[in-house]
Structures are given as structure tokens and as C-alpha cells.
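Down below is the structure, laid out as C-alpha cells.
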Amino acid sequence: MKLVVQEFLSLDGVSQGPGAPDEDTSDGFTRGGWFVPHLDEEFERQAGKWLGEADAFLFGRRTYENFARDWPRMTDHPFSGILNGLPKYVASNTLTEAAWDPTTILSGDVPARVAELKRRPGRDLQIHGSARLAQSLLAAGLVDELRLAIAPVVVGEGRRLFPDGGAPAGLRLLSHRTTPAGVSVHIFTATGPPDFATYGGGA
């Protein structure tokens, strides 16, 4: 399977709590819901197309608990059949049970467990949100593709997908587009460590 990371970002790189004011208030975050005003039909069609390419989902604990709380009740949503029905994996050393079937808890050496999942046949193994997990797997060289939906807003605080001190990574742009509501969608493939050089342009 191909490991795909899908993230909502603000212009200042925040990925925390895009979907609702109470989605993720950890560390005193009070500015959740910043992505929602920029949703439109075109982006929702694109999101549905991406979901249709998934054969399994991978979550960090916090994102998993939010999804497991909400999606089983959203039976009339067009995405619910995919999210509720496909295999789900949650990376956690603290969870002992997971009620959102079918779910498998990945504990211990998570990068090794994810590498084993990627060797299985299938299409996308998708990460939605779960920024800390995405960071660790990008650093481990396991991420194949990044799909970043960047909203035209500066949040000003909150956890960023790429924090200071994070592992460097090289990327190659595969495609980009902008929705009518102003969401800029960039799709990258990971290329390993980045290149560094000195500018030598002439006058």
C-alpha cells in the first residue's frame, strides 16, 4: 500500500483543530474550526475522490478517538460508509481496546509496524490529521505522498505540521489547484533528504 498523509493547514502551518472549536483544545487551543469557512463543493468532491482511493486508514490516538466518537453516528454522511467500513489502524501505546470496528491497535515500534502494513497489497493507507504521527513517519522515510489543503487564514497559534526542530525532508510537487473558496491543494511525493545549495546567480 501507498502511505498517504492528508492534512488541513493554515497559511502559518497550523494543523490543530481545523474542523470545530472543540475538536482539539489541548494545550489551551481556542481557535478551532478555522478550516470550515473555506469548504466548498469542489473541495468536498475532491475529498470524496481521495477517500475512494483508500483501502485502510491509519490514525494517531487523539484523531482516532475523535473520529471513533463522531463517525459511527453519522450514518447519513456520504463518507460514512468508507470510514466506518474499511480497516483502521491506530498507533498507540496507551489504548487497550478500540470499539470502532474494524480497528487494530499498533503499539511498540510503530514505524516497523507501518512498514509491514505498506508491504501488504492494496491502494492507499491514508493518514487524516494525526500530525505527530505523520511527522514521525515522514522522518522515518515511510510517507509516499503528502496531500496538503491550505486554507487562506492565519490562525496565530496551535500545533504545526512541521514544527521547529522537525526532521528535514525533500518533496516534489505532483499537482496543485485552488478551489473557488480559496483552498490551495498541493500534492507532493517524498524524495528523501532535501538538497542544499548556495545561490550563484549573476548580475
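Would you be able to tell me the number of residues in the stretch 171-203 that are assigned to a loop (DSSP other than H, G, I, E, B) and either β-branched (Val, Ile, Thr) or modelled with pLDDT of 95 or more (or both)?
Going residue by residue through the stretch 171-203, those that are assigned to a loop (DSSP other than H, G, I, E, B) are 179-183, 193-203.
Among the residues that remain, those that are also either β-branched (Val, Ile, Thr) or modelled with pLDDT of 95 or more (or both) are: 179-183, 198.
So the count comes out to 6.
Give the residue that is farthest from Asp109 (Cα to Cα), with candidates limited to residues of the stretch 144-170 that are assigned to a strand (DSSP E or B) and among the hydrophobic types (A, V, I, L, M, F, W, C). Please lay out each step first, then the result.
Of the residues in the stretch 144-170, the ones assigned to a strand (DSSP E or B) are 145-150, 160, 170.
Checking which are among the hydrophobic types (A, V, I, L, M, F, W, C) leaves us with 146, 148-150.
Working: Leu146: 23, Leu148: 27, Ala149: 29, Ile150: 31 Å.
Once the filter is applied, the top-ranked residue is Ile150.
When the residues of the stretch 184-198 are narrowed to those that are more than 15 Å from the chain's Cα centre (by Cα) and not charged (D, E, K, R), which ends up farthest from Leu138 (Cα to Cα)? First the steps, then the outcome.
So the first thing to find is which residues in the stretch 184-198 are more than 15 Å from the chain's Cα centre (by Cα), and the list is 184, 191-198.
Of the ones still in play, those that are also not charged (D, E, K, R) are 184, 191-194, 196-198.
Numbers: Ser184: 22, Thr191: 11, Gly192: 9, Pro193: 10, Pro194: 12, Phe196: 19, Ala197: 22, Thr198: 26 Å.
Here the answer is Thr198.
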Over the stretch 117-148, the set of residues within 10 Å of the chain's Cα centre (by Cα) and of a type in the set (A, V, I, L, M, F, W, C) is Ile127, Ala131, Leu133, Ala134, Leu146, Leu148
For the stretch 111-143, what are the residues that are under 17 Å from Thr189 (Cβ atoms), out of contact with any helix residue (DSSP H, G or I) (no Cβ under 8 Å at 6 or more places or on another chain) and in a loop (DSSP other than H, G, I, E, B)? Arg123, Gly141
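For the stretch 24-40, check the following and say yes or no: at least one residue is in a loop (DSSP other than H, G, I, E, B) and in contact with a strand residue (DSSP E or B) (Cβ under 7 Å, 6 or more places away or on another chain).
If we filter the stretch 24-40 for residues that are in a loop (DSSP other than H, G, I, E, B), which is where we start, we get 24-25, 29-35, 39-40.
Checking which are in contact with a strand residue (DSSP E or B) (Cβ under 7 Å, 6 or more places away or on another chain) leaves us with 35.
The answer is yes, given that some residue of the stretch 24-40 is in a loop (DSSP other than H, G, I, E, B) and in contact with a strand residue (DSSP E or B) (Cβ under 7 Å, 6 or more places away or on another chain).
The rows are residues; the columns are (1) within 17 Å of Ala20 (Cβ to Cβ); (2) within 20 Å of the chain's Cα centre (by Cα); (3) among the charged types (D, E, K, R).
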site	(1), (2), (3)
Ala68	yes, yes, no
Thr75	no, no, no
Glu97	no, no, yes
Asp101	no, no, yes
Gly108	no, no, no
Being under 25 Å from Gly48 (Cβ atoms) and touching a helix residue (DSSP H, G or I) at 6+ places or on another chain (Cβ under 8 Å) is the filter; apply it to the stretch 80-97 and report the residue that is surrounded by the most Cβ atoms within 10 Å (Cβ to Cβ). Val90
Against the conditions (1) in a loop (DSSP other than H, G, I, E, B); (2) over 25 Å from Leu138 (Cα atoms), where does Asn84 fall short? Just the number, please. (1)
The condition of being touching a strand residue (DSSP E or B) at 6+ places or on another chain (Cβ under 9 Å) and without any contact (Cβ under 8 Å) to a residue 24 or more places away in the chain holds, among Glu53, Glu65, only for Glu65
Search the stretch 23-59 for residues being closer than 14 Å to Ser130 by Cα and modelled with pLDDT of 95 or more, and hand back the single one that is surrounded by the fewest Cβ atoms within 10 Å (Cβ to Cβ). Phe57
Which residue out of Ala140, Ala131 is within 18 Å of Glu7 (Cβ to Cβ) and touching a residue at least 40 places away in the same chain (Cβ under 8 Å)? Ala131
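The values are calculated or read from the model by the stated rules, or taken from the named source; none is laboratory data. Keep in mind the model is a prediction, meaning the values are calculated, not measured. Here the Cβ is made from the backbone with ideal geometry for all residues, glycine too, and neighbour counts use every protein chain on show.
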